[in-house]
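Participant: What follows is a structure written as structure tokens; I'll ask about it next.
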Amino acid sequence: MGSINRFFLSAALALLGILGIGLGIGVAGASVANGIARQPEAAGQLIDFYFNYVLIPEFILALLLVGISLLLIFKGKSHKG
């Protein structure tokens, strides 16, 4: 396997982490919707918790994974040999 192919494979594997992020956000969002359906008066607290402890960290992780993938792709393109 060539060195360029290794870079592309590593970038693809890093981007697979995006699937896990999407799954985590979906499951947490469903739990928040369920909690709001059970106790509508707690909607503000649940949404605040969801944004602060689920969405923001997952978004940061997604940006890091995309950044690492792009770095690997561009390093693979400029790498000779």
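Participant: Rounded to the nearest 500, what is the chain's calculated 222 nm mean residue ellipticity when only DSSP H runs of at least 4 contribute -39500 (n - 2.57) each, over all residues?
Facilitator: Details: 3 runs with 67 residues, N = 81.
Result for the chain, helices only: -29000 deg cm²/dmol.
Participant: Looking at Y50, L65, L9, which one has the Cα that reaches farthest to the positive end of the dipole of the chain (charges on Cβ: Lys, Arg +1; Asp, Glu -1)?
Facilitator: With unit charges placed on the Cβ atoms, the residue in question is L9.
Participant: With helices defined as uninterrupted DSSP H runs, which ones in the chain have an alpha carbon span along their own long axis of at least 24 Å and mean Kyte-Doolittle hydropathy of at least 1.0? Could you put the intermediate results ahead of the total?
Facilitator: Values: long enough: 3-38 (54 Å, 1.41); 56-78 (33 Å, 1.78).
Helices passing the filter in the chain: 3-38, 56-78.
Participant: What does the chain give for Rg and for Dmax, in Å, if only its C-alpha atoms count?
Facilitator: 18.3, 62
Participant: Compute, for the chain, the length of the dipole vector about the Cα centre, with Cβ point charges of +1 (Lys, Arg) and -1 (Asp, Glu) only. Units Debye, rounded to 20. Don't skip to the end; give the middle numbers.
Facilitator: On the way: 5 positive and 3 negative charges, 127 e Å.
Here the size comes out at about 600 debye.
None of the figures in this text is laboratory data; all of them are computed from the coordinates on show. The structure presented is a predicted model; accordingly, all values stated were derived computationally and were not measured. Please note: Cβ atoms are built from the backbone with ideal geometry, for glycine as well, and neighbour counts cover all protein chains shown.
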